[in-house]
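**Q** For reference, the structure I am asking about is given below.
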Amino acid sequence: MRKRVLALTLVLALVLGISAQAAQTRSYQISPSLTFTGTTANCAVVVYGEDNNDAISITAKLYQGGTLLKTWKKNGTGYVKLSESTTVTRGLAYILETTVTINGVKQYVPLVNKPCM
């Protein structure tokens with residue numbers, strides 16, 4: 001009987017510990033964008049950390065097809081905005097690939113795929 005109570009107590013402590021960790025999930029705002037003004041591609045990535053001490057690193061890469069055209073990087077804390085532009089060709093599609101790390105943890109950022117019209 002005593003062993004069962006001990007085993008049940010350990011299982012309960014484990015479950016509560018996992019629940020407490022899940023409750024600590026952090027929420028960040030990451031907004032990549034790719035727009036065109038004539039033959040200029042405007043690439044922007046805005047990242048809001050959960051607090052002002054979050055270390056943020058952004059790498060943005062612009063591709064046309066499988067060809068890498070430009071790479072930009074920016075670091076900061078709390079809030080970081082990367083905003084860059086480059087010349088492109090009308091009628092072709094471009095992909096903005098963004099890598100964001102916050103406090104050393106890589107975050108999911110969807111690709112932005114748009115044609116230049």
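**Q** Condition first: surrounded by 15 or more Cβ atoms within 10 Å (Cβ to Cβ) and not hydrophobic (A, V, I, L, M, F, W, C). Now tell me which residues in the range 43-60 satisfy that.
**A** Y48, G49, D54, S57, T59
**Q** Only one of (1) over 23 Å from T37 (Cβ atoms); (2) without any contact (Cβ under 8 Å) to a residue 40 or more places away in the chain; (3) touching a strand residue (DSSP E or B) at 6+ places or on another chain (Cβ under 6 Å); (4) of a type in the set (A, V, I, L, M) fails for L82. Which number is that?
**A** (1)
**Q** Restricting to the range 38-59, what's the tally of residues that are within 30 Å of M117 (Cβ to Cβ) and either without any contact (Cβ under 8 Å) to a residue 12 or more places away in the chain or not in a strand (DSSP E or B) (or both)?
**A** Residues flagged as within 30 Å of M117 (Cβ to Cβ) and either without any contact (Cβ under 8 Å) to a residue 12 or more places away in the chain or not in a strand (DSSP E or B) (or both) within the range 38-59 amount to 2.
**Q** Can you tell me which residues in the range 60-96 are within 14 Å of Y28 (Cα to Cα) and assigned to a strand (DSSP E or B)?
**A** Answer for the range 60-96, where residues must be within 14 Å of Y28 (Cα to Cα) and assigned to a strand (DSSP E or B): T77, Y79, V80, K81.
**Q** Also, I was wondering about something else. From Y63, Y94, grab the single residue that is within 25 Å of T39 (Cβ to Cβ), touching a Phe, Trp or Tyr at 6+ places or on another chain (Cβ under 7 Å), in contact (Cβ under 8 Å) with a residue 60 or more places away in the chain and surrounded by 12 or more Cβ atoms within 10 Å (Cβ to Cβ).
**A** Selected residue: Y94, the only one of Y63, Y94 that is within 25 Å of T39 (Cβ to Cβ), touching a Phe, Trp or Tyr at 6+ places or on another chain (Cβ under 7 Å), in contact (Cβ under 8 Å) with a residue 60 or more places away in the chain and surrounded by 12 or more Cβ atoms within 10 Å (Cβ to Cβ).
**Q** Taking the residues in the range 100-111 that are touching a residue at least 24 places away in the same chain (Cβ under 8 Å) and open to solvent by 50 Å² or more (accessible area, probe 1.4 Å) as candidates, determine which candidate is farthest from Q29 (Cα to Cα).
**A** G104
The values are calculated or read from the model by the stated rules, or taken from the named source; none is laboratory data. Nothing here was measured: the structure is a model prediction, and the numbers come from that model. Counting neighbours? That spans all protein chains shown, and the Cβs are built from the backbone with ideal geometry, glycine included. Only protein heavy atoms, including side chains, enter the accessible area calculation; ligands, DNA and RNA are left aside. Shrake-Rupley method; radii C 1.70, N 1.55, O 1.52, S 1.80 Å.
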